[in-house]
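Scroll down for the structure; my scribbles are underneath it.
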Amino acid sequence: MPAKMVICFGPITVLAMAGQRESDLYTIGVCLDKSALFARYGEKNLNNQLTIAIQLLIEHYCQFLIMNHAAGDICYEAMQPEQNTKIQQRLYELKALGSMYYSPKTIQDCIREIHFVKKSENMIGLRLADFVPNTLGRYVAGMKPKNKNFAKIVRKKLYDGCRTRPIGLDLRYCPKNSD
């Protein structure tokens, strides 16, 4: 029986909670280095950064769901209707066209639907997700975390997609350093 999954994310982070597990919490993050992206691909030619981040998050989330024999929903904190529509449209595009790694059918099988939740509903997963982008951003930028204990937990719970080490220090960083 597949576990029920919920995904909560901001532009650079995903919190995936496995409902059928003992409160396992995973963090999937994406950090875009705009300067490096612009230098490598040209600012005029580059796809929208939200589009890039969502595709990377969806691919990593699909991998997580596939490895856990599950399907999931996406829960996003509601913003202005135009912004919600852009995010929903990108998900529909991925479901219709697939991504670099996954076919449309795979994405359709993994991700059921997207829900936009108002902040006033006070959903616990979204409350947690508020703190993660800043924590991961500070980590990538080499800045001191605002809360060392929380930062340590977030980094410890970064999902790396590797069966031999299901939880580890991995963060999707785009573009990757070529060193």
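Alpha-carbon geometry of the stretch 75-143: the Rg and the Dmax are 14.8, 40 Å, given in that order. Distances between placed amide hydrogens fall under 5 Å for residue 117 paired with 76, 77, 78, all partners being 5 or more residues away or on another chain.
Think of each Lys and Arg Cβ as +1 and each Asp and Glu Cβ as -1; about the Cα centre, that makes the dipole of the stretch 16-145 roughly 300 debye. Computed in the context of the full set of protein chains, the accessible area of the stretch 79-145 at 1.4 Å probe radius has 55% of its extent on carbon or sulfur. Ignoring lysines fewer than eight residues from residue 144 along the same chain, the ones with Cα atoms less than 24 angstrom from its Cα are 34, 152, 156, 157, 176.
Working note: Karplus 6.51/-1.76/1.60 with θ = phi - 60° gives the stretch 84-98 the couplings 4, 4, 4, 5, 4, 4, 4, 5, 4, 4, 5, 5, 7, 10, x Hz, where Gly and Pro are set to x. Each label was represented as a point 7 Å from its Cα along the Cα-to-Cβ direction; for residue 49 and residue 150 these points are 2.2 nm apart. Ranked by solvent-accessible area (1.4 Å probe, protein heavy atoms only, all chains present), the residues 85, 51, 27 order from largest to smallest as 85, 51, 27.
The values are calculated or read from the model by the stated rules, or taken from the named source; none is laboratory data. Computed from a predicted structure; not experimentally measured. Note that each Cβ is placed from the backbone with ideal geometry, even for glycine, and that neighbours are counted across all protein chains shown. Each accessible area value is taken on the protein alone, full model and side chains, heavy atoms only, with ligands, DNA and RNA left out. Shrake-Rupley method; radii C 1.70, N 1.55, O 1.52, S 1.80 Å.
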